[in-house]
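Structure record follows, encoded as structure tokens.
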Amino acid sequence: MKYLDEYRDPECCRRLLAQIRRTVSRPWTVMEVCGGQTHGFLRYGLDQELAGCVELIHGPGCPVCVTPLESIDFAVELARRGDALVTSFGDMLRVPGSRESLMQVRASTGNVQVVYSPLDAVDLARRTPERQVVFFAVGFETTTPATALAVHQAHDLGLTNFSLLVSHVRVLPAMELLAADPQAGIHGFLAAGHVCTVAGFDSYVDFSRRHRMPVVVTGFEPVDLLSGVLECVEQLERGEARVANRYARSARAAGNQPALGLVADVYEPCDRPWRGLGVVPAGGLRLRAEWATWDAETRFPRQSQAVSEPPECRSGEVLTGRIKPPQCECFGVRCTPESPLGAPMVSAEGACSAYYRYAVARRETGSDSTRS
Amino acid sequence: MCLAIPGCVVDWIEKEPPFASATVEFAGVRRQVNMALVPEARVGDYVLVHAGVAISCIDAAEAQSVLETLREYALAEEEPEGGADSAAG
């Protein structure tokens, strides 16, 4: 596929790796913010290729992983009671709530449905006017324009049976917490290419200056990832700290203006608890008062109480880069993709799932699929 | 979840947001995509699509320039390595 295959070229990767090895004079610690990037690094074995040059710390950029337990429990409650047909992205269904997952509720009630797009949920509501449809809106800046569009469409169609359960999160406030954490020991960031495609990266300039860290806007394919790492270590070796864009085919400094206008119209920042990080100041988005009609939290009563995380799951330490997934005693033993204790083992972007899928398989077969 | 896939705009269906849409082809598979965020996209352009919504129009010149930079690395790499080989040989 155009714009994918050329960025997976093994020869280009080899050249970039050689250039990275020539550049570094000491090991550097770099956090890739987005879970999609984590999967890319592990899938292609780039973490092993970079060993000794760059230690990768996996960031919290997995929306499913950071969605608070009480939001999942409320979605479960809506479907369990039959108040609404609860729709969301597939990953969200398997995340364990405090008592059950949406997948389990689907099996026993049928009140849960996977959709590819929030706009499909709007269409579902249009076609079934007798039934309430809730879209469980999780995701970072990349996803917020799509759910804001859903609200605009529901408004224009005059739908009274569509609403959003909003659990959107914002990347930069979480990066602020991690950059200020001396235990994390991060030297530089690979910023999430698709978040920056929507939100731009002007806002990182001040961040980079204050924390004296390079921030490199980075894509998701192997060539993109290594190109981001190279830019980051080049800056670190020169003692520089600035924002650079290595995903210029999609991300621009000011972001996507129609998307930002739409999101600002529908949402406003709010403090939000992140699983693993606690309450992140301005770390979430909520519907503005003028769009409250489409807010599931005002439309339906909530009975479920706030609950604490299962004590044996160390996802908080994984999400803040303090431990790598295999350092958790439960990893691969009591916690597997089939029977997850926490969200990072469920999500296609979760660090635990990436290690389980790629690193464990690599060890078992004794092979490295990336060198083919 | 932030996954976005490049696809080629085949034809516009509707121009007015929030329902703006186009047929977009992904490796031979055609799908209707919301285009409200990329009003500038033209037929033949590639867009990045996330959750049924096009979030950017791919800049073909920028896409090319990255690959050209890599070619420069290749040239830079050949020089010292060539020297080492001849010394060893």
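The values are calculated or read from the model by the stated rules, or taken from the named source; none is laboratory data. Remember, it's a predicted structure, so these values are computed and weren't measured experimentally. For neighbour counting, all protein chains shown are included, and Cβ atoms are generated from backbone atoms with ideal geometry for every residue, glycine included.
Odds and ends about this structure:
- Pair list, Cβ < 9 Å and 6+ apart or interchain, from the stretch A:90-106 residues that are within 14 Å of chain B (Cβ to nearest Cβ) to residues that are of a type in the set (D, E, K, R): A:91/A:349; A:93/A:106
To keep it simple, each residue is scored yes or no on (1) under 20 Å from residue A:57 (Cβ atoms); (2) at pLDDT 95 or above.
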{"site": "A:131", "(1), (2)": "no, yes"}
{"site": "A:137", "(1), (2)": "no, yes"}
{"site": "A:148", "(1), (2)": "no, yes"}
{"site": "A:159", "(1), (2)": "no, yes"}
{"site": "A:169", "(1), (2)": "yes, yes"}
{"site": "A:183", "(1), (2)": "yes, no"}
{"site": "A:188", "(1), (2)": "yes, yes"}
{"site": "A:198", "(1), (2)": "no, yes"}
{"site": "A:203", "(1), (2)": "no, no"}
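- Helices (runs of 4 or more DSSP H) contained in the stretch A:23-70 and holding at least 1 residues within 14 Å of another protein chain (Cβ to nearest Cβ): A:35-43, A:63-66
- Applying the criterion of at least 1 residues that are within 20 Å of residue A:146 (Cβ to Cβ) and at pLDDT below 95 to the strands (runs of 3 or more DSSP E) found wholly in the stretch A:230-321 leaves A:267-274.
- The set of residues from the stretch A:99-157 being of a type in the set (D, E, K, R) and crowded, with 24+ Cβ neighbours inside 10 Å comprises just one member, A:141.
- Residue match in the stretch A:8-15 (condition: crowded, with 17+ Cβ neighbours inside 10 Å, among the basic types (Lys, Arg) and within 14 Å of another protein chain (Cβ to nearest Cβ)): yes
- Entirely in the stretch A:154-223, the helices (runs of 4 or more DSSP H) that have 1 or more residues that are under 16 Å from residue A:319 (Cβ atoms) and within 13 Å of chain B (Cβ to nearest Cβ): A:171-179
- Residues that are under 18 Å from residue A:124 (Cα atoms) and surrounded by 18 or more Cβ atoms within 10 Å (Cβ to Cβ), drawn from the stretch A:78-92: A:78, A:79, A:84, A:85, A:86, A:87, A:88, A:89
- Single residue of the stretch A:253-280 satisfying the filter (within 12 Å of chain B (Cβ to nearest Cβ) and in contact with a strand residue (DSSP E or B) (Cβ under 8 Å, 6 or more places away or on another chain)) that is nearest to residue A:216 (Cα to Cα): A:256
- Filtered residues of the stretch A:119-153 (kept if farther than 21 Å from residue A:264 by Cα and either in a strand (DSSP E or B) or aromatic (Phe, Trp, Tyr) (or both)): A:133, A:134
Table: residues versus (1) over 20 Å from residue A:141 (Cα atoms); (2) touching a helix residue (DSSP H, G or I) at 6+ places or on another chain (Cβ under 8 Å); (3) loosely packed, with under 13 Cβ neighbours inside 10 Å; (4) without any contact (Cβ under 8 Å) to a residue 40 or more places away in the chain.
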position: A:259; (1), (2), (3), (4): no, yes, no, no
position: A:285; (1), (2), (3), (4): no, yes, no, no
position: A:290; (1), (2), (3), (4): yes, no, yes, yes
position: A:300; (1), (2), (3), (4): yes, yes, no, no
position: A:307; (1), (2), (3), (4): yes, yes, no, no
position: A:318; (1), (2), (3), (4): yes, yes, no, no
position: A:328; (1), (2), (3), (4): yes, yes, no, yes
position: A:338; (1), (2), (3), (4): yes, no, yes, yes
position: A:352; (1), (2), (3), (4): yes, yes, no, yes
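- Residue among A:107, A:148, A:154, A:125 that alone is aliphatic (A, V, I, L, M) and within 25 Å of residue A:336 (Cβ to Cβ): A:107
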